[in-house]
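The values are calculated or read from the model by the stated rules, or taken from the named source; none is laboratory data. Keep in mind it's a predicted model, so treat the numbers as computed, not measured. All Cβ positions, glycine included, derive from the backbone under ideal geometry; neighbour counts span all protein chains shown.
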Amino acid sequence: MSSNAFGKLLTVTTFGESHGPAIGCVVDGCPPGLLLAAEDFVADLARRATGRTRHTSQRREEDAVEILSGVYQGQTTGTPIALLIRNTDARSRDYDDLLDTFRPAHADYTYWHKYGIRDPRGGGRSSARETTMRVAAGVIARKWLDEKHAVRVRGYLAQLGAITPRSFDWDAVERNAFFWPDATQVPELEAAMDALRKAGDSVGARVNVLAEGVPPGWGEPVYGKLDAELAAALMSINAVKGVEIGDGFAAIAQHGSTHRDELTPQGFASNHAGGILGGISSGQNVTCSIALKPTSSIRIPGRSVNMQGQPTEVVTSGRHDPCVGIRATPIAEAMVALVLMDQALRQRAQCGDVGPVAPRIPGG
């Protein structure tokens with residue numbers, strides 16, 4: 001298997017390259033009867049899109065979704081949903097100087113060793129362009145989760161370089177291009193990004209995702225753990241180098257008396273576990289974080305080798321993000337939603353006839 005698909009009952013397969021004629025995906029396993037139209041994809045794809053501000057890549061794609069199958073008279077039919085987006089603003093000439101050179105910290109070197117064929121145009125499958133289809137597939141999952149289980153998935157940029165939020169307001173997140181929860185800090189973020197762009201450098205970021213309303217019972221006890229599948233899905237996003245569930249690595253310094261989430265008749269006393277116990281959702285909010293590395297395509301010269309193994313110097317031109325984390329929030333949300341929908345369908349398939357279990361401790 002070439003591993004271009006993920007999921008069990010809800011499967012998503014993506015295809016296409018950054019500078020090919022189109023990118024697309026097939027979503028298989030979506031139940032019938034879900035209202036779905038091309039307009040449903042507009043808002044989330046716009047949230048992910050490049051060119052929204054001067055702080056992201058200036059590639060400007062239309063990102064118009066074509067629904068090729070799986071929808072009839074505005075409803076899903078239960079058959080595979082094929083989605084296609086045409087690439088309309090690729091500039092392959094920007095990569096002419098890289099035909100024979102490996103970019104440091106990029107997938108050029110490893111792809112060449114794996115496939116023996118070099119496609120230098122924008123990174124091909126390793127480009128963040130591929131994540132457009134994850135967001136498109138995530139639209140379906142988010143819509144189904146909301147309608148069937150009142151589950152809401154949302155995220156925000158929790159750190160940009162050394163900068164962290166001084167306060168938190170969900171309403172502020174969607175009102176700025178950074179998905180930042182403190183509106184007063186946006187000028188500080190803009191100044192930091194302007195300085196990076198002027199220097200030709202980049203920086204990493206952290207994105208947090210919260211899933212509210214997840215009922216207890218989703219996930220498997222061993223090989224299909226909800227947290228394990230969330231971690232795998234989030235780690236598959238380009239540039240992600242770390243994933244945390246709940247407190248994550250902060251648990252190293254905690255004592256068991258602090259980390260354990262005590263139960264009371266009124267609910268859980270805390271949520272250090274991130275809403276997952278033994279690989280199965282507890283009914284609390286599911287919380288995840290991802291760490292994204294600094295963009296490897298920068299203007300500062302770096303050492304490398306060419307395909308003949310000779311030393312060379314690389315300066316990457318073209319249109320790139322000084323911080324990929326700025327537009328990673330919708331991508332992380334989509335991956336969490338897709339995993340949750342898949343797990344919900346698996347729970348329904350195996351344990352759909354399990355009666356009410358009491359007591360149920362309030363989540364949150």
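Figures for the structure shown
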| item | result |
| --- | --- |
| Positions within the stretch 275-288 being part of a strand (DSSP E or B) and touching a strand residue (DSSP E or B) at 6+ places or on another chain (Cβ under 8 Å), in sequence order | I276, V286, T287, C288 |
| Qualifying residue in the stretch 289-299 (condition: over 24 Å from the mean Cα position of the chain (by Cα), over 29 Å from P330 (Cβ atoms) and in a loop (DSSP other than H, G, I, E, B)) | no |
| Selection count, the stretch 97-145, where residues are at positive phi and outside any loop (DSSP other than H, G, I, E, B) | 1 |
| Every residue from the stretch 28-77 that is within 21 Å of S127 (Cβ to Cβ), crowded, with 17+ Cβ neighbours inside 10 Å and at pLDDT 90 or above | F41, D44, L45, R47, V65 |
| Exclusive hit being touching a residue at least 24 places away in the same chain (Cβ under 8 Å), small (G, A, S) and assigned to a strand (DSSP E or B), set G224, G242 | G242 |
| Index of the failed condition, A273 passing every other in (1) of a type in the set (G, A, S); (2) in contact (Cβ under 8 Å) with a residue 40 or more places away in the chain; (3) in contact with a Gly (Cβ under 9 Å, 6 or more places away or on another chain); (4) within 24 Å of K8 (Cβ to Cβ) | (2) |
| Residue count, the stretch 147-158 (criterion: of a type outside the set (A, V, I, L, M) and either free of Cβ contacts under 8 Å to residues at least 60 places away in the same chain or surrounded by 23 or more Cβ atoms within 10 Å (Cβ to Cβ) (or both)) | 2 |
| The stretch 78-96, subset modelled with pLDDT of 95 or more and not in a strand (DSSP E or B), residue nearest to I67 (Cα to Cα) | P80 |
| Pick from the stretch 9-27, criterion among the aliphatic types (A, V, I, L, M) and outside any loop (DSSP other than H, G, I, E, B), ranking: surrounded by the fewest Cβ atoms within 10 Å (Cβ to Cβ) | A22 |
| Residues of the stretch 156-201 satisfying the condition of being among the polar types (S, T, N, Q) and within 23 Å of A334 (Cβ to Cβ) | Q159, N176 |
| Given (1) surrounded by 20 or more Cβ atoms within 10 Å (Cβ to Cβ); (2) charged (D, E, K, R); (3) free of Cβ contacts under 8 Å to residues at least 40 places away in the same chain, number of the condition R134 does not satisfy | (3) |
| V209 being in contact with a Gly (Cβ under 8 Å, 6 or more places away or on another chain) and part of a loop (DSSP other than H, G, I, E, B) | no |
| Identity of the residue in the stretch 305-364, hydroxyl-bearing (S, T, Y) and part of a loop (DSSP other than H, G, I, E, B), that ends up modelled with the lowest pLDDT | S317 |
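Residues checked against (1) closer than 30 Å to A172 by Cβ; (2) β-branched (V, I, T); (3) touching a residue at least 24 places away in the same chain (Cβ under 8 Å):
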{"site": "Q310", "(1), (2), (3)": "no, no, no"}
{"site": "I326", "(1), (2), (3)": "yes, yes, yes"}
{"site": "I331", "(1), (2), (3)": "yes, yes, yes"}
{"site": "G355", "(1), (2), (3)": "no, no, no"}
{"site": "P362", "(1), (2), (3)": "yes, no, yes"}
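Residue-wise test of (1) among the aromatic types (F, W, Y); (2) under 21 Å from the mean Cα position of the chain (by Cα); (3) over 30 Å from G279 (Cβ atoms); (4) in a loop (DSSP other than H, G, I, E, B).
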{"residue": "Q159", "(1), (2), (3), (4)": "no, yes, no, no"}
{"residue": "R166", "(1), (2), (3), (4)": "no, no, yes, yes"}
{"residue": "W180", "(1), (2), (3), (4)": "yes, yes, yes, yes"}
{"residue": "E190", "(1), (2), (3), (4)": "no, no, yes, no"}
{"residue": "P216", "(1), (2), (3), (4)": "no, no, no, yes"}
